[in-house]
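See below for the structure under consideration.
No lab work stands behind these numbers, since they all come straight from the coordinates. As the structure is a prediction and not an experimental result, all values here were calculated from the model. Cβ: placed from backbone, ideal geometry, glycine included. Neighbour counts: every protein chain shown.
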Amino acid sequence: MEQVSPAEKIVAGSVVLHRVREADAEGVAAAISESIAHLQPWMPWAHDGHSVEDALGWIRRAEEGWAGGTEFAYVLRPADGGPVVGSISLMARVGPGALEIGYWLHGGHTGRGHMTAAAGALTAEGLALPGIERIVIKHDAANHVSGAVPRRLGYREVGRVPREPVAPAETGVDVVWEIRRG
């Protein structure tokens with residue numbers, strides 16, 4: 001049976017999502033480096049000196065995930081052109097019939113609706129895939145900026161799950177949001 005994947009390019013209002021490729025490595029590394037103070041409190045992989053090689057490692061793992069149907073990673077760019085301003089992924093790690101969305105955004109591009117537009121478009125794309133009944137978004141309870149995205153999109157908070165903190169600002173409580181097909 002042939003694997004069904006989401007579209008490789010998705011136009012989402014103010015941003016365009018493109019399937020991540022090795023050619024995006026410099027743009028990804030630059031966006032992370034420019035936003036390190038914004039990302040480091042919440043993202044365990046965000047570190048000073050995040051390099052093109054670090055970005056290539058992530059991109060290669062993302063390519064393997066796409067080929068295996070376990071992760072569909074995108075870079076975000078402004079719809080009118082320009083550099084990478086973030087990333088968003090659909091990941092098959094929350095059980096059968098469900099996909100999880102994870103994301104990060106360049107610190108200089110917050111507050112413009114980019115991630116809400118991207119997550120909304122990727123939610124619709126994910127729910128259109130055969131066998132997918134729900135999409136999940138998780139974030140640390142203290143990360144109110146990330147939590148605003150599912151709230152704006154009509155996701156419903158379905159739980160709070162304790163876990164070991166993995167980034168400096170985390171409380172160790174994941175807020176779990178979901179939206180269902182139909």
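Go through the range 98-131 and count every residue that is free of Cβ contacts under 8 Å to residues at least 12 places away in the same chain and either crowded, with 22+ Cβ neighbours inside 10 Å or not in a loop (DSSP other than H, G, I, E, B) (or both).
Residues flagged as free of Cβ contacts under 8 Å to residues at least 12 places away in the same chain and either crowded, with 22+ Cβ neighbours inside 10 Å or not in a loop (DSSP other than H, G, I, E, B) (or both) within the range 98-131 amount to 1.
Report whether or not L56 is more than 20 Å from R134 (Cβ to Cβ) and among the hydrophobic types (A, V, I, L, M, F, W, C). Give the derivation first.
Details: more than 20 Å from R134 (Cβ to Cβ): yes; among the hydrophobic types (A, V, I, L, M, F, W, C): yes.
The answer is yes for L56.
Does the range 132-145 hold any residues that are outside any loop (DSSP other than H, G, I, E, B) and under 22 Å from G95 (Cβ atoms), and which are they? Can you show your working first?
Kept after step one, since they are outside any loop (DSSP other than H, G, I, E, B), are these residues of the range 132-145: 134-140, 144-145.
Of everything in the range 132-145, those that are outside any loop (DSSP other than H, G, I, E, B) and under 22 Å from G95 (Cβ atoms) turn out to be R134, I135, V136, I137, K138, H139, D140.
For the range 79-95, give me each residue that is closer than 21 Å to I179 by Cα and in contact (Cβ under 8 Å) with a residue 12 or more places away in the chain. Outline the logic, then answer.
To start, the set of residues in the range 79-95 that are closer than 21 Å to I179 by Cα comprises 87-95.
Residues satisfying the conditions are S87, I88, S89, L90, M91, A92, R93, V94.
Only one of (1) under 13 Å from E8 (Cα atoms); (2) part of a strand (DSSP E or B); (3) in contact with a Phe, Trp or Tyr (Cβ under 9 Å, 6 or more places away or on another chain) fails for V75. Which number is that?
Of everything listed in (1) under 13 Å from E8 (Cα atoms); (2) part of a strand (DSSP E or B); (3) in contact with a Phe, Trp or Tyr (Cβ under 9 Å, 6 or more places away or on another chain), V75 misses just condition (3).
Which condition number in (1) farther than 16 Å from A12 by Cβ; (2) in a helix (DSSP H, G or I); (3) in contact with a His (Cβ under 9 Å, 6 or more places away or on another chain) is the one that A148 fails?
Of (1) farther than 16 Å from A12 by Cβ; (2) in a helix (DSSP H, G or I); (3) in contact with a His (Cβ under 9 Å, 6 or more places away or on another chain), only one is false for A148: (3).
Return yes or no: is I179 more than 28 Å from H50 (Cα to Cα), part of a loop (DSSP other than H, G, I, E, B) and β-branched (V, I, T)? Give the steps one after another, and end with the answer.
Details: more than 28 Å from H50 (Cα to Cα): yes; part of a loop (DSSP other than H, G, I, E, B): no; β-branched (V, I, T): yes.
For I179, the condition - more than 28 Å from H50 (Cα to Cα), part of a loop (DSSP other than H, G, I, E, B) and β-branched (V, I, T) - is not met.
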